[in-house]
Amino acid sequence: MRRFISICGVAAFTVAILLVTIPKSYTSTAQSRGYSIDRSAAGAVEPDALTSSMGPCSMAHVVGDWGVRFSGKLPDGTEVTGVNTFHLEKDGTATMHAWVNAGGGYFFENTGRGKITVDADCTGRLVEEGEGAAPPSKFVILRRGREVWGVYEAPYFMTYIGKRMDKAL
């Protein structure tokens, strides 16, 4: 564990050094491609909503079938990892089927439903429904609607990455 933390610290330091030394010409190129470089957040390159070639986002950017990978910790500290299929309708209704490994010793399948909202700045929110549902999560839409990255709200400490199953990457 100490070695992992040490490697992460070196990587974060390297990214911070690279951001400080990015030439001005690269900054202009990145901005012309719809990205801005925020030197106050180490390693952050964020889409610029005003100049993004994707334009304003809508539900149409995420409707369809997804494969999702997630990992993190439950409120009691149990580590979980898993994958799921995720289908999203035009009205924002989502259905999912997950395979989960909890703590390395417990494996289960789960199905669920939820509701998605998408904002014009290419961010969104998932609210799962039913008994035992995870807390809401926030996500960002990437790669012109072919990928999403998300994080669950407290008390979970979990993230996920979803990729399109029905469009070429």
Checklist entry - What is the Cα centroid distance between the stretch 57-80 and the stretch 128-145, reported in whole angstrom? => result 6
Checklist entry - What FRET efficiency would be calculated for the residue pair GLU89, THR159, taking the C-beta separation as r and a Förster radius of 25 Å, to the nearest 0.05? => result 0.55
Checklist entry - Can you give the Kirkwood hydrodynamic radius for the stretch 59-164, in Å, rounded to one decimal and based on Cα pairs? => result 13.8
Checklist entry - Each residue of the stretch 136-148 in turn: what ³J(HN,Hα) in whole Hz from Karplus with 6.51, -1.76, 1.60 and θ = phi - 60°, glycine and Pro shown as x? => result x, 10, 10, 9, 10, 8, 10, 6, 6, x, 9, 8, 10
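Just so you know, all these numbers are worked out from the coordinates, no wet-lab data involved. Just so you know, these numbers come straight off a predicted model, no measurement behind them. Using ideal geometry, Cβ is built from the backbone for each residue, glycine included, and neighbour counts are taken over all protein chains shown.
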